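Down below is the structure, laid out as structure tokens.
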Amino acid sequence: MQVALIFVTLIVLVVELFAVTSAVCPRMISRSEWGARAPRDPRDTTALSRPVGKVFIHHTDGGSCTSIRTCSARMRSIQDYHMDDPDRRYNDIGYSFLVGGDGNVYVGRGWRNVGAHTYGYNEYYGIAFIGEFTNVLPNDDAIAAAKQLIACGQPRNISPQYTLHGHRDAGCTTCPGDRLYNLIKRWRRYDGEVPKKCPPSR
């Protein structure tokens, strides 16, 4: 009986490993394609320890987009805000990746670099849907792209045993919006709240 249980467990692990290693990746729009600025100080870039064990879902607030042209413009606007706002002054756009309503994934800090997206948890990945999702959901193309990105990142960048969280699960915020948050709670590997770490009041 014990041998049979071990055998079944091994089969399940092999199937899961095959599923993540054979995942189809979404279309990725590179930094050069969307017109990213260089980081303020390229020396102030910290490498992630991979694979990471957590993924945080965000929304960017503000307008959404439905084409490479409009999503690229939103990317440049978000990067400018992150880098130039006096209360932020980030070295670069904060998110690891952003997902547009066109169904494409836009590279922010990418797989390799620590971001500035979830206070106290920046050593993990932050994936942001472009737009505001308190009362509406991202479209099906964007949702599919985000799920593909997470699958594509395994096992090299994201641990197959990762846990999924909304930004509000880790901090004092309503991000990623009520509708999107209620949706991701039904996604595979959603794991609820982690110890909340709120940034100091400005």
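Structural remarks
- Percent of C-alpha pairs per 5 Å bin in the chain, short distances first: 1, 8, 15, 20, 21, 16, 10, 4, 3, 2, 1, 1, 0.
- With N as its number of residues, the range 12-129 has a Cα radius of gyration that, divided by 2.2 N^0.38 Å, comes to 1.11.
- Relative to the dominant Cα principal axis of the chain, helix 68-84 is inclined by about 70°.
- Sparsely packed chymotrypsin sites (Phe, Trp or Tyr not before Pro) within the range 119-188, loop by DSSP, other Cβ within 10 Å at most 15: Trp187
- Total lysine pairs whose alpha carbons fall under 16 Å of each other in the chain (8 or more apart, or interchain): 5
- Electrostatic tally near Asn104: other residues with Cβ closer than 10 Å to its Cβ, Lys and Arg +1, Asp and Glu -1, net -2.
- Stokes-Einstein, applied to the Kirkwood radius of the range 124-202 over Cα pairs at a viscosity of 0.692 mPa s and 37 °C, places its translational diffusion at 243 µm² s⁻¹.
- Leading residue at positive end of dipole, the chain (Cβ point charges), from Tyr121, Ser159, Gly192: Ser159
- Principal-axis tilt of helix 140-152 within the chain, Cα atoms, nearest 10 degrees: 60 degrees
- Test item: Cα-centred dipole of the chain, Lys/Arg +1 and Asp/Glu -1 on Cβ, debye: 280 debye
- For the range 64-138: rounded, prolate or oblate by the Cα gyration tensor [a/c cutoff 1.5]: prolate
Coordinate-derived values only; no laboratory data. Because the structure is predicted, anything quoted here is derived from the model rather than measured. Positions of Cβ are generated from backbone atoms using ideal geometry, with glycine treated the same way; all protein chains shown enter the neighbour counts.
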